[in-house]
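The values are calculated or read from the model by the stated rules, or taken from the named source; none is laboratory data. This one's a predicted model, so the numbers in the text were calculated from it and none came from an experiment. In this analysis, Cβ positions are derived from the backbone assuming ideal geometry, glycine residues included, and neighbour counts consider all displayed protein chains.
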Amino acid sequence: MNKVVVIGCGKVGMAYIYALVNQLTPVDEVIMIDIDHEKLEGERLDLCHTLQFSSNHIEVKVGDYKDCKDATLIVITAGIPQSSHDRLDDLKQNNKFYQEILKKINASGFQGILLIASNPLDVMTYLAYHYSNLPANRVLGTGTSLDTSRLSYAISEKLGISPKSVSAYVIGEHGNSQFVAWSQASIAQQKIDRFLTKKEQTALEDATRNAAYEIIKRKGATYYGIAMALLRITNAILKDEEVILPVSNYDEKNDVYVSTPCILNKSGVKSRIYMELSKEEEAKLANSIKIIQDAIQSVLPKKKGS
C-alpha cells in the first residue's frame with residue numbers, strides 16, 4: 001500500500017493533493033497534516049465528494065505526525081508564502097519550521113522518502129536531510145523540475161512545437177542563480193542553436209528565471225505548476241520508473257543540495273547524471289553551489305557529519 005503524507009496544506013499542498021486524487025496515481029491513502037484542523041476537515045470532505053468522478057479511489061484523511069511512521073512518501077510544502085524577489089529571504093523562519101517538523105517525523109519512526117517543496121528549495125532540502133534520520137538518496141526536493149517545465153513551455157511557444165519535444169534543462173539553484181545548460185539543449189537531436197539565436201536564448205532564460213515572480217505579482221502565489229511537478233516526481237518514485245528529472249539532490253563533494261538531472265525510482269534518487277557542461281556553465285554551477293552553501297551556513301554553521 002502506498003501512503004502519502006502531506007505536511008502543509010495551503011495552496012500548494014492542496015493543489016498537489018487534488019492532482020493526486022484526480023489523476024492516475026498509485027496512491028492508496030493521503031494523510032493531510034496542518035495546524036488548522038477545521039479547515040482540513042472541510043478540504044477532506046470537498047475532496048471525498050470528487051471520488052465518484054475520479055479514476056482513483058484514494059482514501060483522504062486528516063491526521064497527525066503519528067501517521068508518518070508507515071508512510072511511503074512524505075511531502076513537505078509547509079513554510080511562509082514567498083513574498084520577495086529572492087527565495088533566500090524566507091530562510092530563517094522556514095528553518096525554525098523545519099526543526100520542529102523533522103523532530104516530529106523522526107519521532108514517528110519514518111523510513112520512507114522525503115520530498116521537499118518549501119523555499120528556498122535547495123537549502124530547505126539540505127536542512128530536511130540534516131534534521132532527518134534518512135540517507136541522502138531518500139531526501140530530495142522538487143528543484144528545477146518546474147523551472148525546466150517553464151523553459152520548455154517558453155521555447156515551445158517561441159517555436160510553435162509541443163513542450164514535450166524540447167530537450168533542455170534548467171540546473172543549479174531553484175532561485176536567481178539558476179541557468180539553462182544550453183550547450184546540451186536540443187530539439188529532435190539537433191543543437192538548440194539551429195532554432196534559437198543567443199539573444200533569444202538569453203531572453204527565454206530570463207523569462208524562465210522570473211516566471212514565478214511574474215505569477216506572484218499577478219495572483220499572489222504559484223501553486224498549479226509546483227503541484228504538477230510534485231505529482232510527476234511522486235509517480236516516478238512510486239511507479240519505480242527510473243526516469244530522469246532535474247531535482248534537488250545531494251552533492252557529496254560539495255556537501256550541498258543542488259539541482260541536476262537524476263534517475264528516480266522507488267529508492268528515491270538512484271543516481272545523478274553528470275552533464276558535459278561548457279566552461280561558462282561550469283562556472284555558473286559553481287556559483288549556484290556557493291550561494292546555496294553560504295545560505296546553509298547562515299543558519300547551520302555546524303553541518304551534518306561535522
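Quick look at the values:
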{"read-out": "Qualifying residue in segment 189-200 (condition: among the hydroxyl-bearing types (S, T, Y), assigned to a loop (DSSP other than H, G, I, E, B), more than 21 Å from T260 (Cβ to Cβ) and in the same structural domain as T260 (by TED's automatic domain parsing))", "value": "yes"}
{"read-out": "Which listed residue, of L140, L127, is within 18 Å of the chain's Cα centre (by Cα), part of a helix (DSSP H, G or I) and among the aliphatic types (A, V, I, L, M)", "value": "L127"}
{"read-out": "Within segment 54-91, considering residues that are at pLDDT below 80 and part of a helix (DSSP H, G or I), the one surrounded by the fewest Cβ atoms within 10 Å (Cβ to Cβ)", "value": "D89"}
{"read-out": "Scan of segment 116-143 for residues that are in contact with a Gly (Cβ under 7 Å, 6 or more places away or on another chain) and either within 24 Å of A203 (Cβ to Cβ) or of a type outside the set (A, V, I, L, M) (or both), ordered by number", "value": "S118, N119, P120, D122, T125, N137, R138"}
{"read-out": "Selection from segment 278-297 of residues that are over 22 Å from the mean Cα position of the chain (by Cα), assigned to a helix (DSSP H, G or I) and among the small types (G, A, S)", "value": "A283"}
{"read-out": "Members of segment 143-154 that are touching a residue at least 40 places away in the same chain (Cβ under 8 Å), out of contact with any Leu (no Cβ under 6 Å at 6 or more places or on another chain) and not in a loop (DSSP other than H, G, I, E, B)", "value": "L146, D147, T148, S149, R150, L151"}
{"read-out": "Matching entry among V12, V21 (being outside the structural domain of A221 (by TED's automatic domain parsing) and at pLDDT below 95)", "value": "V21"}
{"read-out": "Of residues in segment 189-217 being modelled with pLDDT under 95 and loosely packed, with under 15 Cβ neighbours inside 10 Å, the one nearest to S248 (Cα to Cα)", "value": "N210"}
{"read-out": "Wholly enclosed strands (runs of 3 or more DSSP E) of segment 226-276 bearing at least 1 residues without any contact (Cβ under 8 Å) to a residue 12 or more places away in the chain and assigned by TED's automatic domain parsing to the domain that holds G13", "value": "none"}
